[in-house]
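This report refers to the structure that appears directly beneath it.
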Amino acid sequence: MGKMALATAGAALAVGSMLVAPTTASATSDAFRGTWTSTDFDGSNQWLAIGGSGTAGLHSVRLFDDSATSVCGGSPATVEGQGTTTGNTLTMTGVLTCRPGGNPLRFRITVEYVYSPEPDTLTDSFGVVWQRS
């Protein structure tokens, strides 16, 4: 989110209390499920938690950016929503909230994550690469 991964919502979700432990099986049965980390273009740290069973391609998605410069003036931000998968792409639509105690922005943002089996990474709509944590 920093430079704008979050600006238009390319955000990282607050993993906070919802850590989803990745497993080796997740790479084969559901490549998206688990926790992911990245460094945004502005140098901020991002965390992404993708949960749910993946049944019918549905997932819960939570993103956290510790310094959302473009959207929240450098304050942390979260995005929470649902994601659907088609092939190697997960499309998440959620509500962005500046922290601490910020009100949700009154619009939804959409971010796509493309899974690459080798080397087991996600690349979001903004070009930020995510690794499993």
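The values are calculated or read from the model by the stated rules, or taken from the named source; none is laboratory data. Computed from a predicted structure; not experimentally measured. When we count neighbours, we look across all protein chains shown, and the Cβ atoms used for this are built from the backbone with ideal geometry, even at glycine.
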Practice prompt. Go through (1) surrounded by 14 or more Cβ atoms within 10 Å (Cβ to Cβ); (2) under 11 Å from the mean Cα position of the chain (by Cα); (3) not in a loop (DSSP other than H, G, I, E, B) one by one and return the number of the condition Gln82 breaks.
Written response: (1)
Fill in: Tally of residues being of a type in the set (Val, Ile, Thr) and at pLDDT 95 or above across the range 36-70
4
Worksheet item: What residue, of Ser67, Ser53, is under 12 Å from Phe32 (Cβ atoms), part of a loop (DSSP other than H, G, I, E, B) and not β-branched (Val, Ile, Thr)?
Response: Ser53
Fill in: The lone exception for Thr28 - which of (1) of a type outside the set (Lys, Arg); (2) buried (at least 18 other Cβ atoms within 10 Å of the Cβ); (3) under 21 Å from Arg132 (Cβ atoms); (4) at pLDDT below 95 it fails
(2)
